[in-house]
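Only one structure is covered here, and it is reproduced in the block below.
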Amino acid sequence: MFIKEVMASSNNIILIQALILVLLIGFSSFIQCTSTLLDTNALLLVNASQGSTKKMPQNLFGVSFEEINNAGAGGLWAELVSNRGFEAGGRHSPALIEPWSVIGDYSLIRVETDFSSCFKRNPVALRMEVLCDISDCPAGGVGMYNPGYWGMNIEKGKTYKLVLYIRSLDSVNIIVSLTNSTGGQTLSSANITATDVSNWTKMEILLKANATNHNSRLEFKTNRKGIIWFDQVSLMPADTYKGHGFRKDLFKMVADLKPGFIRFPGGDFAEGRSLISAYWWKDTVGPWEERPGHMNDVWAYWTDDGLGFFEFLQLAEDLDASPIWVFSSGFSLEQAVNPSNIELLVQDVLDGIEFARGDPNSTWGTLRADMGRTEPFNLKHVSIGNQDCSRGGYRENYLKFYAAIKEAYPDIKVVSNCDGSNTKLDHPADLYDYHLYADAKTMFSMAHKFDLTSRTGPKAFVSEYAVTYSDARLGNLLAALAQAGFLMGIEKNCDVVGLASNAPLFLNANTPSNKGFRPDAIVFDSYRTYGTPSYWMQQFFSVSNGATLLDSTLTDSSSSLVASAIWFENPVDNIKYLRVKVVNYGSNKVNLKITFKGFDPRLIDYSKSSTTVFTSTNVNDENSFQNPTKVSPVKSVLKKYKNDINVTLSPNSLSSFDLLISSKNNNAWINTETDMSYASSI
């Protein structure tokens, strides 16, 4: 009986175990089925056959610089003094001198502006009257200070060049110092002593810092009674990029994008809210002391124009990028020049081109040579106005600029403000300007914007594109992925799109929230910088300039993918790779099979191939000074595959696969020299 009971019990246990096993198998099958339903399968065919390729323009992707968000003044241009010529308060006396401030109370020191400057184009100077002397001045003396653009970055061991002009009827003894924000810590100091400065006298002093402070100020103090005039006070780091005046870390951020061109100086900044505040190039060249500066009335701050026309051309050359000059077509945001009076502006533009590329003995080429540059700059693109096509009289003005430029410089490519993507232009142009600011969903859908554009006629210059603040906030993953899809569409339509750039480029983090524009590609303060997700996304396209586009066909039922494929030469090892880029804009994983036509996939050298994935845990994730690479690409070795490549794309991600194709079989290579080229027409 006992044995029978045990056997019965054992049978029950076996039965229960069997039931549990069946349930587990069923549950597992349910999970797998559910996973399959949630995941998506897609197929990408990359065709590397002869006749299925396009040579991409050498300068397809670039950057668009605008003096917005203190991008230049207080940013890329390394000048540390704000309002260095005391002109920002206007040409009247007395005038505001902000951000200059007085050290000492009104009974001891009086500071005001007057018109005693020795520079005709910027006549305002600062008059400082000291009413105390060594017996009754406070310890250290009285004077004034400049905090720069939200604090000066002063670093231990580095040297800073101070240049200023002074005048006094008496001898002077001035202590010049770099201090912390309160003046309590001295980082560097020197004495300015002179017995005869009755005429304006230029002073140059090198200050070497003994400590680091990222929120410093420049001070001038004295305890000697009398009147001293100051003008054109400049403080620059001695170690700017190549000595050309560009802040090194910000220059590197731009250079790492490997831009094919740089568009400057804007944007709305180029034309101004009023005509008097447009970017008139002649006011921005010559010795910096003689530049009058102007009010950036579009973005509401003063610029001394240290970053002038010459410096922009130099910047383009330093970046190995083609300069694209945007100038006023006779319109500001609120005013217009009558077309019957446009000839003066046309001549001004011709003078500017002569300055950039004329013979050093020509009228304006001589000025360039006087600035230390006898060789011409490589200016081959100009844009007539900014977003002016709808303005009455634009076409009439445009045709006068176009005719004059083409007659004098037939090789220069001219950009029209009128959109030619849907209808043919009614006037001659080499390129037409196209701007796109949209929510993320619309931006992603614009990957197909140029699919149906006519293959003849002027090409598009997408000079400004960005996902707007409502979706992008300060710059998040969602915006970057939407823009990636749009850029892949541009790659695939590189026969009708000649140039493309994101905008704006820079944001000084101290820019008031009610001013400027957000999001931006690069954020900085006095000493730090980081790239937003959009910046990192753009790096995926940094090798596309001059590459060869391969035909690629994507089969994707979800419509959440956009893909492209190129041959490119890696600038690090000078070896050619096949790069496949895929953006998954959806919230589900996608199982992607990549197949190839035109070469044997067994020739892929996986030991030197890689994959790079750009994603994050949340589409709203942003980068910051505290976590500058929270949303940034992660590179890893690519798993070896026998034939086709099978990968799983993460939700909300951008993936790149760089494949080294073995050169053992020359048939695997595309002859890029004989590919149809569109670069010559750009």
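The values are calculated or read from the model by the stated rules, or taken from the named source; none is laboratory data. None of the values given here were measured: they were computed from a predicted structure. Here the Cβ is made from the backbone with ideal geometry for all residues, glycine too, and neighbour counts use every protein chain on show. Only protein heavy atoms, including side chains, enter the accessible area calculation; ligands, DNA and RNA are left aside. Shrake-Rupley method; radii C 1.70, N 1.55, O 1.52, S 1.80 Å.
Key figures
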{"read-out": "So VAL619, is it without any contact (Cβ under 8 Å) to a residue 40 or more places away in the chain, of a type in the set (Val, Ile, Thr) and in a loop (DSSP other than H, G, I, E, B)", "value": "no"}
{"read-out": "Count of residues meeting criterion [open to solvent by less than 70 Å² (accessible area, probe 1.4 Å) and out of contact with any Gly (no Cβ under 6 Å at 6 or more places or on another chain)] in the range 396-410", "value": "10"}
{"read-out": "The one condition in (1) more than 30 Å from PRO571 (Cβ to Cβ); (2) touching a helix residue (DSSP H, G or I) at 6+ places or on another chain (Cβ under 6 Å) that VAL326 fails to fulfil", "value": "(1)"}
{"read-out": "The range 62-90, residues that are hydrophobic (A, V, I, L, M, F, W, C) and open to solvent by less than 20 Å² (accessible area, probe 1.4 Å)", "value": "VAL63, PHE65, ILE68, ALA71, ALA73, LEU76, ALA78, VAL81, PHE86"}
{"read-out": "Test: residue in the range 581-594 that is touching a residue at least 24 places away in the same chain (Cβ under 8 Å), open to solvent by less than 60 Å² (accessible area, probe 1.4 Å), of a type in the set (Gly, Ala, Ser) and in contact with a strand residue (DSSP E or B) (Cβ under 7 Å, 6 or more places away or on another chain)", "value": "no"}
{"read-out": "Unmet requirement for GLY306, which otherwise passes all of (1) closer than 23 Å to GLY85 by Cα; (2) among the small types (Gly, Ala, Ser); (3) open to solvent by 40 Å² or more (accessible area, probe 1.4 Å)", "value": "(3)"}
{"read-out": "Residue, surrounded by the fewest Cβ atoms within 10 Å (Cβ to Cβ), within the range 339-395, restricted to residues that are of a type in the set (A, V, I, L, M, F, W, C), free of Cβ contacts under 8 Å to residues at least 60 places away in the same chain and closer than 17 Å to ASP430 by Cβ", "value": "CYS389"}
{"read-out": "Options LYS441, LYS424; residue that is open to solvent by 30 Å² or more (accessible area, probe 1.4 Å) and not in a loop (DSSP other than H, G, I, E, B)", "value": "LYS441"}
{"read-out": "Selection within the range 273-326 - in contact with a Phe, Trp or Tyr (Cβ under 7 Å, 6 or more places away or on another chain), of a type in the set (Gly, Ala, Ser) and more than 18 Å from VAL382 (Cβ to Cβ)", "value": "GLY293, GLY306"}
{"read-out": "All positions within the range 630-645 that are exposed (fewer than 12 other Cβ atoms within 10 Å of the Cβ) and part of a loop (DSSP other than H, G, I, E, B)", "value": "LYS639, LYS640, LYS642, ASN643"}
{"read-out": "Lone qualifier among GLU290, GLU317 - being over 23 Å from VAL415 (Cβ atoms), modelled with pLDDT of 95 or more, surrounded by fewer than 20 Cβ atoms within 10 Å (Cβ to Cβ) and not basic (Lys, Arg)", "value": "GLU290"}
{"read-out": "Test for LEU507: is it in a strand (DSSP E or B) and open to solvent by less than 10 Å² (accessible area, probe 1.4 Å)", "value": "no"}
{"read-out": "First in the range 125-141 and within 16 Å of ASP114 (Cβ to Cβ), second anywhere and open to solvent by less than 40 Å² (accessible area, probe 1.4 Å) and part of a loop (DSSP other than H, G, I, E, B), Cβ under 6 Å, 6 or more apart", "value": "ALA125/SER116; ALA125/SER117; LEU126/PHE86"}
{"read-out": "Among (1) open to solvent by 30 Å² or more (accessible area, probe 1.4 Å); (2) touching a residue at least 40 places away in the same chain (Cβ under 8 Å); (3) among the hydroxyl-bearing types (Ser, Thr, Tyr), the one test that TYR530 misses", "value": "(1)"}
